[in-house]
Every structure is written in structure tokens, then in C-alpha cells.
1. Just to check I understand the Karplus step: with θ = phi - 60° and J = 6.51 cos²θ - 1.76 cosθ + 1.60, what whole-Hz values come out for segment 44-49, glycine and proline as x?
2. At a Cα cut-off below 19 Å, give the lysines reachable from residue 30, other chains included and same-chain residues fewer than 8 away excluded.
3. So how much slack lies between residue 12 and residue 106, counting 0.36 nm per residue of separation and subtracting their Cα-Cα distance, in nm?
4. What figure in square angstrom, to the nearest 10, would you give for the accessible area of residue 58 with a 1.4 Å probe?
5. Taking H placed 1.01 Å from N in the peptide plane, check which residues at least 5 places from residue 98 or on another chain put their amide H under 5 Å from its amide H.
Amino acid sequence: MSRLNATIQFVVLLLLLGQALAMDVTKFCKCTCGQNSTILELTKFALSHLPHATEPIDVDTLMPNVCMNCTKLLCGLAEPDLCDGAAVDDDYVPLCFQRDSVQDKLIVVGFLVLVGTLLVWSAVRSRVGPIFERVRNQYGYNVVAQT
């Protein structure tokens, strides 16, 4: 029985680890000018399909480090009207951030797997219990008398 539990725990751990490694953390660029601000998603698809861009952004020239692409130039290309109505000395202020980390997602996925497993176990426990008892009795597992 303990070997089965260890195998199940190992499989669940591998699934969670695979899920965590497969997740791609999306980073964002917040462009602020005075009181105006906008948030841009820093993915190749989102940067190549900006609705207000004055000229198309060549995604092949992007830096490998995603946050290095969050610059005043990107803010100016993506939202050229952002500084309209701002003070004369206001300039674009770019800020790179990410919303969720892999650790946060791993904790949520682990919690969901745990709750799902407990729900399934509570649903099948009454049906599986007699089978476990029959297996224990068949292989000679006897409870030691309690004193």
C-alpha cells in the first residue's frame, strides 16, 4: 500500500513540475506620461498587432530579455497620443512588470489537484473500502490487538 502511495505522489509531483515548467510568464510594460498610462503586453504577437502604433514594430529586432524592450521608444511607438494633454516637461516613463509568477501558479495548481483528489476519494471511498479490506485479508495483513 505504501509503494502505491509513493508512486501516486511521484506521478502528481511530475505532473505539477511539468505544468510549472511549461508555463510562460507574460511580462507587461506600463507606459506613463503625466496622468495618462497604458499597459502593453510584451509578447511578439501583441507587439506586432498594436492598434495605435504609428509604424509596425519589427519583432525580429526585439531583445532576448523581454523587459529590455520596455523603453520610451516602445511607449512612443505604441501610444503616440499618450502625452497629449500632459505638461510640457512630462515624458514617457516605462515600467516592466509581470503579473503572476511560476511559484504562484504552481501553488494554485497544487491546491486544485489536492482538492480534486480529496473530492474523488470521498466519492469512491465507500465503494473502494471493501476492496481494500478484501486485499488486506487475502495477503495476511492483520491488525495487532490494541491493549
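1. 4, 5, 5, 6, 7, 10
2. Leaving aside lysines fewer than 8 places away in the same chain, those within reach of residue 30 are 44, 72.
3. 32.6 nm
4. That residue has around 80 Å² of solvent-accessible surface.
5. 28
The values are calculated or read from the model by the stated rules, or taken from the named source; none is laboratory data. Keep in mind that what you see is a predicted model, and the values were worked out from it rather than measured. Surface accessibility is based on the protein's heavy atoms, side chains included, excluding ligands, DNA and RNA. Shrake-Rupley method; radii C 1.70, N 1.55, O 1.52, S 1.80 Å.
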